[in-house]
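Student: Below you will find the structure I want to go over with you.
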Amino acid sequence: MPVSERKLAELYDYPAALDRPWVQVNFVASADGAATVDGASDSLSGPADRSVLGLARDLADVVMVGVTTAVAGAYEKIRVDPARRAAHGLRLRPSLALVTNRCSLPPDSPQIADCPEPPIVITCHDAPRAAQRNLIAAGVDLVRAGDSAVDLRAALGALAERGLRRVDCEGGPTLFGGLISEDLVDALCLTVAPVLVGGLGGRIATHPLPATPRPMALEAVLQAEGSLFVRYRRLCDAESGNAG
């Protein structure tokens, strides 16, 4: 990648002195737009992409992910660079926030039982009461945001109340689509892999269409290992130079 690690960190870092949640979404897709190959994204990712993903986690207060994606991606084993986090004034590890409408993650799942610290589980008030009680008994920080489905704006507000404003969202497509629908995406970091998948592979975002498309400004394009690393920022923020 034709930039230094320091410059890369500057490109991918969050705005300083945030007074609200700032959501940076990270995804990889094939050159023809597929989010997965045979149901997984691993084969689209290479060492450079994994390096950028590690950087995104190192710069975040919290990694926010849908529960299905968390189970598939072994999120209880997230690795970080303690020195890089310390250099940015961040605590040792980012928090893990799991989003689930139905509290569908059992308390003995690895994402709960094997996580270095109790995760935050974001659900809604109508999620099964027994499942909510079981997660609380397992030490989870349970956030109820919304009635029949998770209210993502309220969820981000709850994270901010916990001092977690630098939000690294890693999907899945339903969660990303929901954030787009509510106009909550501040930046998109997209790796375009040099492969054509074809078939019926899904997109990186799936959700009912928002009232209008969300304009973004191109901030950076990098290249490594044949992949493109593209960073877009919310257009109004990019034009004004402000975080909010």
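Student: Is it fair to say Ser181 is open to solvent by 10 Å² or more (accessible area, probe 1.4 Å), touching a His at 6+ places or on another chain (Cβ under 6 Å) and in contact (Cβ under 8 Å) with a residue 24 or more places away in the chain?
Tutor: For Ser181, the condition - open to solvent by 10 Å² or more (accessible area, probe 1.4 Å), touching a His at 6+ places or on another chain (Cβ under 6 Å) and in contact (Cβ under 8 Å) with a residue 24 or more places away in the chain - is met.
Student: Given the conditions (1) under 22 Å from Ala56 (Cβ atoms); (2) at pLDDT 95 or above; (3) surrounded by fewer than 22 Cβ atoms within 10 Å (Cβ to Cβ), which single one is not true for Ser148?
Tutor: Among (1) under 22 Å from Ala56 (Cβ atoms); (2) at pLDDT 95 or above; (3) surrounded by fewer than 22 Cβ atoms within 10 Å (Cβ to Cβ), the lone unmet condition for Ser148 is (1).
Student: Going residue by residue through segment 21-41, is there one that turns out to be crowded, with 16+ Cβ neighbours inside 10 Å, in a helix (DSSP H, G or I) and within 18 Å of the chain's Cα centre (by Cα)?
Tutor: No.
Student: I would also like to ask the following. Name every residue in segment 97-112 that is in contact with a helix residue (DSSP H, G or I) (Cβ under 6 Å, 6 or more places away or on another chain) and open to solvent by less than 30 Å² (accessible area, probe 1.4 Å), in order of residue number.
Tutor: Those that are in contact with a helix residue (DSSP H, G or I) (Cβ under 6 Å, 6 or more places away or on another chain) and open to solvent by less than 30 Å² (accessible area, probe 1.4 Å): Leu98, Val99, Thr100, Cys103, Leu105, Gln111.
Student: Let me ask another. Going by the conditions given, is Asp49 crowded, with 16+ Cβ neighbours inside 10 Å, charged (D, E, K, R) and touching a strand residue (DSSP E or B) at 6+ places or on another chain (Cβ under 7 Å)?
Tutor: yes
Student: Go through segment 140-165 and report how many residues are out of contact with any strand residue (DSSP E or B) (no Cβ under 7 Å at 6 or more places or on another chain) and in contact (Cβ under 8 Å) with a residue 24 or more places away in the chain.
Tutor: Here the count works out to 9.
Student: Restricting to segment 68-90, name every residue that is open to solvent by 60 Å² or more (accessible area, probe 1.4 Å) and without any contact (Cβ under 8 Å) to a residue 24 or more places away in the chain.
Tutor: Passing the criteria: Pro82, Ala83, Ala86, Ala87, Gly89.
Student: Which condition does Thr100 not pass, out of (1) more than 18 Å from Asp61 (Cβ to Cβ); (2) modelled with pLDDT under 95, if it passes all the others?
Tutor: Evaluating Thr100 over (1) more than 18 Å from Asp61 (Cβ to Cβ); (2) modelled with pLDDT under 95 leaves (2) as the failure.
Student: Scan (1) free of Cβ contacts under 8 Å to residues at least 12 places away in the same chain; (2) open to solvent by less than 10 Å² (accessible area, probe 1.4 Å) for the single condition Pro119 breaks and write down its number.
Tutor: Every listed condition holds for Pro119 apart from (1).
Student: Ok, one more. Can you go through Thr191, Thr206 and tell me which one is over 29 Å from Ala17 (Cβ atoms) and touching a residue at least 24 places away in the same chain (Cβ under 8 Å)?
Tutor: Thr206
Student: Could you tell me whether any residue of segment 198-220 is of a type in the set (Lys, Arg) and closer than 30 Å to Ser4 by Cβ?
Tutor: no
Student: How many residues are open to solvent by 80 Å² or more (accessible area, probe 1.4 Å) and either in contact with a helix residue (DSSP H, G or I) (Cβ under 7 Å, 6 or more places away or on another chain) or of a type in the set (Lys, Arg) (or both) when one looks only at segment 184-214?
Tutor: Result for segment 184-214: 3.
Student: Going through Ala154, Ala137 one at a time, which residue ends up being surrounded by fewer than 21 Cβ atoms within 10 Å (Cβ to Cβ) and within 17 Å of the chain's Cα centre (by Cα)?
Tutor: Ala154
The values are calculated or read from the model by the stated rules, or taken from the named source; none is laboratory data. Quick caveat: nothing in here was measured; it's all calculated off a predicted structure. Glycine also receives a Cβ, built like all others from the backbone with ideal geometry; neighbour counts cover every protein chain displayed. Quick note on the areas: whole protein, heavy atoms, side chains included, nothing else; ligands and nucleic acids left out. Shrake-Rupley method; radii C 1.70, N 1.55, O 1.52, S 1.80 Å.
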